[in-house]
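Here is the structure we will look at, set down as structure tokens.
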Amino acid sequence: MKKTHRSALVLLSILASLPAASFALNPIIQTMYTADPAPMVNKGTLYLFSSHDQDVGEKNNFNMKDWVLATTTDMVNWTQYGAIASLRDFAWAAKEISGWDGFDNGAWAPQVIERDGKWYLYAPVQGRGIGVLVADNPLGPYTDPIKKPLIAGHAGGLYDSIDPTVYIDDKGQAYLAWGNPNLWSVKLNKDMISYDTSVGENGIIRHPMTVKALGERNPPDTQGTTLPKPALRGTSYEEGPWLYKRKNLNYLFFAGGPIPEHLGYSTGPTPEGPWTYGGVVMNPQSAFTNHPGVVDFKGKTYLFYHNAALPGGDGFKRSVAVDELKFNPDGSVRTVQPTREGPAPVATLDPYQRV
Ligand code: FUB
């Protein structure tokens, strides 16, 4: 036998003796820190929008300037596009507010949705409210159609206008929900850049913050964590709402407290509730925050979340991961155990397509 053939055989037998494939898909993006996953599906592609933790030395602070995008068609191979929008796309974000740096910080959790060929990106602008950007395709460019906050910042509530989630129901009614420590929502108009002001208080509904709706906080809040005006939270709801529907049941996934955050969920007959608390979806992970993003793709349902799994990671240098989400026959959600492997492929890779 020729020497090269013998070496190839030795290599093959070594490979065959290794344990079955142990590829680590999670965290999904391994070349930058990402957080606050906002997955959406459009024409056979899963678009993963997320926020982006800057890899800077400063400790104990969020450093977030822009929002990034990655896509997949098989849940295994991902294409990264980097930043697709930033705080600089909101001209009104420039003014310094409560010690935050305007353009340079505060690009927290976004969500993107497509309607009639336009892509709408909803994002918080720290302390100043929730803005909306629009683009003709997911990569942008995104521009600000209203040149002011869509949802004004709440007086004294630095975190109350954060974490927008957007959802369009079967009848075409769109909803935007958000908030920490309260849960708020509006009915968006068809243009997606204004809302129905005839309901609630000038259009804004505050969801009842009851234990029945949002679960018991354990242990109870004694300090209050909302700055600058401390407010006690009476339920497990903290932030990061995510609206989703399955088999006629509406779900509200959310980040629950106290810190370190877990993920929980409630269900209701409409995207505005009334909500009934369902339980814990994921126990606390390695970052002090977490943020759910739930989506159906090619016959399966996935829970996107974040942790501190990348080297150098911590609560301010987070990474988005994904695992399959499973339901019981009665619609209740099974607790997800995070994996390093991530989900199995749902399609085959086209070797002629660049990823
Ligand atoms: O990423 C900044 C903040 O941390 C988000 O707005 C919250 O949901 C939490 O993940």
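The values are calculated or read from the model by the stated rules, or taken from the named source; none is laboratory data. Just so we're clear, the structure is a prediction, and the values are computed from it rather than from any experiment. Positions of Cβ are generated from backbone atoms using ideal geometry, with glycine treated the same way; all protein chains shown enter the neighbour counts.
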Quick one: count up the residues across the stretch 228-281 that are in contact with a helix residue (DSSP H, G or I) (Cβ under 7 Å, 6 or more places away or on another chain) and assigned to a strand (DSSP E or B).
5
Can you name the condition, by its number, that ALA177 falls short on among (1) away from the ligand (no atom under 15 Å from the Cβ); (2) assigned to a strand (DSSP E or B)?
(1)
Which pairs do you get when a residue that is β-branched (Val, Ile, Thr), found in the stretch 282-294, comes within reach of a residue that is within 11 Å of the ligand (Cβ to nearest atom) and in a loop (DSSP other than H, G, I, E, B), reach meaning Cβ atoms under 7 angstrom, with the pair 6+ apart or on two chains?
THR289/GLU261; THR289/GLY315
The stretch 36-59 - residue that is free of Cβ contacts under 8 Å to residues at least 24 places away in the same chain and either of a type in the set (D, E, K, R) or crowded, with 21+ Cβ neighbours inside 10 Å (or both) and, of those, farthest from ASP350 (Cα to Cα):
GLU58
Note on the stretch 313-350: residues small (Gly, Ala, Ser) and touching a Phe, Trp or Tyr at 6+ places or on another chain (Cβ under 8 Å) are GLY313, GLY315, SER319, ALA321
Strands (runs of 3 or more DSSP E) enclosed by the stretch 46-145 - at least 2 residues per element that are within 16 Å of the ligand (Cβ to nearest atom) and touching an Asp or Glu at 6+ places or on another chain (Cβ under 8 Å):
78-86
ILE205: passes all of (1) within 23 Å of PRO39 (Cβ to Cβ); (2) in a strand (DSSP E or B); (3) among the hydrophobic types (A, V, I, L, M, F, W, C) but (1)
Can you run down the residue pairs with Cβ atoms below 6 Å, 6 or more apart or on separate chains, where the first is in the stretch 60-72 and over 27 Å from PRO343 (Cα atoms) and the partner is within 11 Å of the ligand (Cβ to nearest atom) and in a strand (DSSP E or B)?
MET64/SER51; ASP66/HIS52
Considering every residue within the stretch 312-321, establish whether at least one is surrounded by fewer than 14 Cβ atoms within 10 Å (Cβ to Cβ), touching a residue at least 60 places away in the same chain (Cβ under 8 Å) and either away from the ligand (no atom under 16 Å from the Cβ) or not in a loop (DSSP other than H, G, I, E, B) (or both).
yes
Filter the stretch 185-197 for residues that are touching a Gly at 6+ places or on another chain (Cβ under 9 Å), assigned to a strand (DSSP E or B) and not basic (Lys, Arg) and give the result.
SER185, VAL186, TYR195
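Would you please name the residue that is surrounded by the most Cβ atoms within 10 Å (Cβ to Cβ), looking only at residues in the stretch 287-298 that are away from the ligand (no atom under 16 Å from the Cβ) and under 15 Å from the mean Cα position of the chain (by Cα)?
Residue satisfying both the conditions and the ranking: VAL295.
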So PRO284 ticks every box in (1) within 15 Å of the ligand (Cβ to nearest atom); (2) over 19 Å from VAL56 (Cα atoms); (3) outside any loop (DSSP other than H, G, I, E, B) but one. Which box is left unticked?
(3)
Across the stretch 184-234, what is the number of residues that are more than 17 Å from GLU272 (Cα to Cα), of a type in the set (Asp, Glu) and modelled with pLDDT of 85 or more?
2
Examine the stretch 287-294 for a residue that is more than 23 Å from VAL41 (Cβ to Cβ) and either touching a strand residue (DSSP E or B) at 6+ places or on another chain (Cβ under 8 Å) or assigned to a strand (DSSP E or B) (or both), and state whether such a residue exists.
yes
